[in-house]
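The values are calculated or read from the model by the stated rules, or taken from the named source; none is laboratory data. Quantities reported herein were computed from a predicted structural model and do not represent experimental measurements. As a convention, Cβ positions derive from the backbone with ideal geometry for all residues, glycine included, and neighbour counts pool all protein chains shown.
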Amino acid sequence: MKLLFKQRMFSWFDSYDIYDSAGRTVYTVKGELSWGHLLRIYDASGREVGCIKQEIWTFMPKFYMYLGDECVGSICKEFSLFSHKYNIDYNGWHVEGDWAEWDYSIFNGAGHKVATINKELWKWTDTYVIDVHYPEDAIYALMLVLAIDAEKCSRMLER
């Protein structure tokens, strides 16, 4: 299952549209005014299905992922000088990728690939292709990609 993750160009807060391979909107993500990032995920019918919340009182950026009201995991940036590493407490998954964080893969605890994420270059806004191997993992992979993208945005704001 392929998802196209496109950031909206004209938006006060982080907003994204997520399309399937046929061009239909599968999810909409809307950022809200808050301390730290707060991203709400809506399905095609407009029902909220999840959210990403940043914990702001931490040394390194940390994000919690929720499906409905249930916290299903977290991701925290780890301190490293030359690479980007994350401590992921989420479905037993881990992330491996390139130094620019544009192309990476998500693996489950058994080492099987769950999803591949590729950033499309030469676009006006952040655009990623998320290739999820099992459709039931799509929302989980999307939430992890959103959290990593929010962490990168936080890092840019600190500079």
Filter result (part of a loop (DSSP other than H, G, I, E, B) and modelled with pLDDT of 90 or more) within the stretch 45-58: S45, G46, R47
Counting only residues in the stretch 40-58 that are within 14 Å of the chain's Cα centre (by Cα) and in contact (Cβ under 8 Å) with a residue 40 or more places away in the chain, the one surrounded by the most Cβ atoms within 10 Å (Cβ to Cβ) is identified as I52
Pull out all pairs, ordered by first then second residue, where Cβ-Cβ is under 6 Å, the residues are six or more apart or on different chains, the first lies in the stretch 83-108 and is more than 15 Å from D131 (Cα to Cα) and part of a loop (DSSP other than H, G, I, E, B), and the second is hydrophobic (A, V, I, L, M, F, W, C) and at pLDDT 90 or above. W93/I106
Name the single residue, out of those in the stretch 125-143 being at pLDDT 90 or above, more than 11 Å from the chain's Cα centre (by Cα) and assigned to a strand (DSSP E or B), that is nearest to W93 (Cα to Cα). V132
Matching residues, the stretch 59-74, being part of a loop (DSSP other than H, G, I, E, B) and buried (at least 19 other Cβ atoms within 10 Å of the Cβ): P61
